[in-house]
Amino acid sequence: MGARSFYVYILAKRIGGTLYIGVTNDLMRRVAEHGMKVAEGFTKRYDVARLVYFEVFDQVEPAIQREKRLKKWPRDWKTSLIERESPNWIDLYPQIAGAL
């Protein structure tokens, strides 16, 4: 059995728009689910599906801790985090679809 990865990710509706922070062990599947709006909830209600940031972890506990910490951050901190990696809030999903 291979090493498992866990992901903390941020989705956005648009540049500067509504944000959603989540954690998963299958980033591609989870972002696709948000995009297809298969689950009821926040991302479906607010049409949040653009993957603008993610981090990779080897263990689930630090990933969950990071997710909880990010959710408590002020919005401008979250925006700065996103813009350090992607100033134009580019949807990362198409770029990483073949990489994971």
> Are any residues in the range 8-30 in contact (Cβ under 8 Å) with a residue 24 or more places away in the chain, of a type in the set (Val, Ile, Thr) and either surrounded by fewer than 20 Cβ atoms within 10 Å (Cβ to Cβ) or farther than 16 Å from ILE90 by Cα (or both), and if so, which ones?
Replying inline: VAL8, ILE15, THR18, ILE21, VAL23
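Using the structure shown, decide if GLU33 is assigned to a loop (DSSP other than H, G, I, E, B) and without any contact (Cβ under 8 Å) to a residue 24 or more places away in the chain.
Working: assigned to a loop (DSSP other than H, G, I, E, B): no; without any contact (Cβ under 8 Å) to a residue 24 or more places away in the chain: yes.
Spelling it out, it is not the case that GLU33 is assigned to a loop (DSSP other than H, G, I, E, B) and without any contact (Cβ under 8 Å) to a residue 24 or more places away in the chain.
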> Among all residue pairs at least 6 apart or on different chains, which show Cβ distances below 7 Å where the first residue, located in the range 49-67, is closer than 20 Å to GLY35 by Cβ and of a type in the set (Gly, Ala, Ser) and the second is at pLDDT below 95 and not in a strand (DSSP E or B)?
Replying inline: ALA49/HIS34; ALA49/GLY35; ALA49/THR43
> How many residues does the range 45-83 contain that are assigned to a loop (DSSP other than H, G, I, E, B), acidic (Asp, Glu) and surrounded by 11 or more Cβ atoms within 10 Å (Cβ to Cβ)?
Replying inline: 1
>> Restricting to the range 49-89, give me the number of residues that are among the aliphatic types (A, V, I, L, M), touching a Leu at 6+ places or on another chain (Cβ under 9 Å) and at pLDDT 95 or above.
In response: 6
> Mind checking which residues of the range 86-100 are without any contact (Cβ under 8 Å) to a residue 40 or more places away in the chain and either surrounded by 13 or more Cβ atoms within 10 Å (Cβ to Cβ) or not in a helix (DSSP H, G or I) (or both)?
Replying inline: SER86, PRO87, ILE90, GLY98, ALA99
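The values are calculated or read from the model by the stated rules, or taken from the named source; none is laboratory data. All values reported here derive from a predicted model rather than from experimental measurement. Cβ atoms come from the backbone with ideal geometry, glycine included; neighbour counts cover every protein chain shown.
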